[in-house]
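Novice: Structure provided below as structure tokens; questions to follow.
The values are calculated or read from the model by the stated rules, or taken from the named source; none is laboratory data. Bear in mind the structure is a predicted one, so any value in this text is a computation, not a measurement. Here the Cβ positions follow ideal geometry from the backbone for every residue, glycine too, while neighbour counts run over all protein chains shown.
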Amino acid sequence: MKHIKHYVSLLFLACFLLVTVTPTIAATKEVCRTVKNAQGKIKSVCKKIKVHKKLDGTKVPEKKKK
């Protein structure tokens, strides 16, 4: 019975690490823009976005017109 509990805890730990580490693989980039609020003050708003590697591919052929 101890072995089963041990394997279940290891499986849980492995799943937890997979879920928490996987999203951090993509590179992040901070993008900022200036926004004017309701009082007329100019404010800088920044967001962190994920940047994925672009893959080269082949062009999709266009459909022939009837």
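Novice: Report, by residue number, each residue of segment 39-57 that is modelled with pLDDT under 85 and part of a loop (DSSP other than H, G, I, E, B).
Specialist: At the first step, the residues of segment 39-57 found to be modelled with pLDDT under 85 are 51-57.
Those that are modelled with pLDDT under 85 and part of a loop (DSSP other than H, G, I, E, B): H52, K53, K54, L55, D56, G57.
Novice: Let me ask something additional. What are the pairs with Cβ atoms under 9 angstrom where one residue, in segment 50-61, is within 26 Å of C32 (Cα to Cα) and the other, located anywhere, is at pLDDT below 85 and surrounded by 10 or more Cβ atoms within 10 Å (Cβ to Cβ)? Sequence gap at least six, or different chains.
Specialist: K50/A26; K50/A27; V51/A26; V51/A27; H52/A26; H52/A27; K53/A26; K53/A27
Novice: Suppose we keep only residues that are of a type in the set (V, I, T) and in contact with a Lys or Arg (Cβ under 8 Å, 6 or more places away or on another chain) within segment 43-61. Which one would you say is farthest from V31 (Cα to Cα)?
Specialist: Checking each candidate, the answer is V51.
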